[in-house]
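As structure tokens, the structure follows; a few thoughts come after it.
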Amino acid sequence: MLDFSEVAKELTPEQAVAEAKRCLQCRTAPCMRGCPVAVKIPAFIRLIADGDFAGARRKIEETNLLGAVCGRVCPQELQCQKGCVRGVRGEPITIGRLERFAAGCGEAALKADSHTMRVAVVGSGPAGLACAGELAKKGVAVVIFEALHTIGGVLKYGIPEFRLPDAVLRRIEDEIVSLGVKIKTNTLVGRTISIEELLRDFDAVFVGTGAGLPNFLGISGEGLNGVYSANEFLARINLMGAGIDEHADTPILAGKSVAVIGGGNVAMDAARCALRLAGTERVRLVYRRTRDEMPARKEEVEHAQSEGVELLELASPVRVLGDIDGRVRGLEIIHTEQGGTDANGRKSFKEIANSEEVIKVDSVIIAIGQSPNPVFSRSVKGLEVNKRGGIVIDESANLGGETSIANVYAGGDAVTGAATVILAMGAGRECAYKIIENYEKRRAAEV
Ligand SMILES: Cc1cc2nc3c(=O)[nH]c(=O)nc-3n(C[C@H](O)[C@H](O)[C@H](O)COP(=O)(O)OP(=O)(O)OC[C@H]3O[C@@H](n4cnc5c(N)ncnc54)[C@H](O)[C@@H]3O)c2cc1C
């Protein structure tokens, strides 16, 4: 029986040293060009090869406070490992696994300088945590305001324990708190407290409110009992303990047969969680293209399949069917076929006429993307957002920057829409630097 304990195993010290010794220590470090937070990859790998594991951890922490997270969930194959010279004729160095190994060694050696500034951080996902951590290292007084009862954002409520154990997040929380950061949970900025109040009490505000608004298909039957957005389904399990903790107040009813619609990491997590629930016998992923086109990490698709998730490729949902009590009893799909390549380099697909089929399912989980959460942005008069609901930042920004409101900065999924942990962290870090720089410029001008 599958459980929620971590699936991907950690390297042993011997394995880590052997892997680190394969690194060619390229002077041009192509691996670093693929890392949005510029982790000093060759340097930390060299330290592992020398057996200085705690030193390797410190090297990672110079630029990345969430190494234990990134080592587990970053799409390394598309980032650091993609540029690895070893990969030209063989296997690239498994940089992510080495990062995860080093990040778990020794103690954090974070030190805070001193500074006169006060910053409010809204949201405690990777963007907020990275921003808060960088600011706190410079001695800035930081308070994180988080809507939920616990920190982490998607790292807590979305990504399941079997990919990212809660203990990793708790350790990061301890480290951030040890830097002097204060955390106020159960505080929904825009409702519990306003931006005006924050700007009165703080010199600047960073907004990392993420993309927690699930997208729906707009097909009939989506309102039936047993249809979940992946966000709701995962949050019930990961945040509220449904299906894991027998004393949890929140129920989860997936039934014997589950269909998950989508092909990204969110869909894989939902499918693998569904498979772990008591009573679930069959989980099918319905995806309109083929496996090769799935946006999920290859490793996640492999894990899902090896655990027993079935892939129903080239199939698109038409409607959800219900019984007389309003509960899901089936999903009508239509088969599709692959066409040519579109402008974005993705294969197009088209429905095959008269190929509809009904599959018997007890629940349907919709994992077709999320949009920025509107609660905060709608509460702020004059805050510019784009047509997808993303907060607009200054054009010169790379990942994160100042919004249309002076002293209010934003980054992560709240700006880009659903993206990745490392991009959100990069944005938080970039904003931390800008917040300090702009504050110091203003102070100098005042003198
Ligand atoms: C199920 C799932 C699996 C994923 N898997 C991967 C993966 O394997 N690899 C990867 O790189 N990326 C993955 N992602 C994407 C990644 O997790 C996100 O891109 C990343 O978490 C975005 O970080 P963020 O800090 O911008 O937002 P979030 O992580 O969404 O955090 C935002 C935080 O802000 C809080 N908040 C929102 N509004 C308010 C408010 N008004 N007041 C106070 N607090 C507020 C929220 O409660 C939340 O805690 C996954 C996403 C999901 C949903």
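The values are calculated or read from the model by the stated rules, or taken from the named source; none is laboratory data. Being a predicted model, the structure only gives us computed values, none of them experimental. Counting neighbours? That spans all protein chains shown, and the Cβs are built from the backbone with ideal geometry, glycine included. Each accessible area value is taken on the protein alone, full model and side chains, heavy atoms only, with ligands, DNA and RNA left out. Shrake-Rupley method; radii C 1.70, N 1.55, O 1.52, S 1.80 Å.
Annotations for the structure displayed:
- FRET efficiency, Gln305 to Val447 (Cβ-Cβ, R0 45 Å, nearest 0.05): 0.10
- Within the stretch 37-62, backbone nitrogen closer than 19 Å to the virtual label 7 Å beyond the Cα of Ala18 toward Cβ: 45-53
- In whole angstrom, the chain maps to an equivalent ellipsoid with semi-axes of 37, 28, 21, each derived as √(5λ) from the alpha carbon gyration tensor and ordered largest first.
- Accessible-area value, Tyr228, 1.4 Å probe, nucleic acids and ligands omitted, Å²: 20 Å²
- Between Leu110 and Glu62, full extension at 0.36 nm per residue minus the direct alpha carbon distance yields a gain of 16.4 nm.
- Distance between the stretch 309-345 and the stretch 419-437 - C-alpha centres, whole angstrom: 37 Å
- Along the chain, longest interval not containing exposed trypsin sites (Lys or Arg not before Pro), exposed being DSSP loop plus at most 10 other Cβ atoms within 10 Å: 112-380
- Working value for the stretch 390-447: equivalent-ellipsoid semi-axes of 23, 12, 7 Å, each the square root of 5 times a Cα gyration tensor eigenvalue, largest first.
- Considering only alpha-carbon pairs that sit under 8 angstrom and 6 or more positions apart, the relative contact order computed for the chain is 16 percent.
- Of Lys138/Lys381; Lys360/Lys387; Lys156/Lys360; Lys182/Lys441; Lys9/Lys40, pairs whose Cα-Cα distance is over 29 Å: Lys138/Lys381; Lys360/Lys387; Lys156/Lys360
- Sites Thr341 and Ala419 - FRET efficiency at Förster radius 25 Å, r taken between beta-carbons, to 0.05: 0.60
- Cut-off under 5 Å, modelled amide H: who pairs with Ser229 long-range: Ile366
- Stretching Ile352 away from Gln25 to a fully extended chain increases their span by 112.6 nm, per 0.36 nm per residue minus the current alpha-carbon distance.
- At a probe radius of 1.4 angstrom, the accessible area of the chain per residue rounds to 45 square angstrom.
- Sequence-separation-based contact order of the stretch 216-366, relative, with Cα cut under 8 Å and 6+ spacing, percent: 28 percent
- Solvent-accessible area, 1.4 Å probe, carbon plus sulfur percent, for the chain: 50 percent
- When shorter helices are ignored and each DSSP H run of at least 4 residues is given -39500 (n - 2.57), the per-residue value for the chain at 222 nm works out to -9500 deg cm²/dmol.
- Structural size metrics of the stretch 216-366, computed from C-alpha coordinates, are Rg and Dmax of 15.4, 51 Å.
- Nearby aspartates and glutamates by direct alpha-carbon distance to Lys350 (threshold 12 angstrom, same-chain neighbours under 8 apart not counted): Glu337
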